[in-house]
Amino acid sequence: MEDPGGLEGDRKVLALLSDLGSSARTLRHQRYLLVQIHTKLSARGDIKPLLGEGCPVDVKDSRGRWRTGLILRFLPPSNSTEDLKVKIELEGFGSDHDTILPLSSPRIAPAGTHTFG
């Protein structure tokens, strides 16, 4: 297996990635594996480069409550001083509750940091 993202020798993460591609049969199992990968990498500070569309995250809603969410898409900055933004779907809520935040926002955290998924 190739070493995605330069994870050189991190056998736990590489094994989880392998499981994600080969043995994860349900979306719930895939989400669990992604949470494990995010948890492992966030401990090392390597999480944000690996975020992508469909990745689970914890997100603080407008009322200050931490919720589980999924990254729907990345939105390009409108000017050179603006940070990359992400559109996040709050799990269990309709699209009218989707949230757009800068990727660097403290309201976005690796999945499982503030919630139990």
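A few points about this structure:
- Sorted peptide list for 77-90, 52-65, 99-112, criterion being average Cβ within 10 angstrom, highest first: 99-112, 52-65, 77-90
- Applying the criteria of a DSSP loop state and at most 13 other Cβ atoms within 10 Å to the chymotrypsin sites (Phe, Trp or Tyr not before Pro) of the stretch 46-117 yields PHE93, PHE116.
Taken together, the values in this text are just the output of simple stated rules run on the coordinates, not laboratory data. Since we're looking at a predicted model, the values are computed, not measured. All Cβ positions, even for glycine, are placed from backbone atoms using ideal geometry, and neighbour counts span all protein chains on display.
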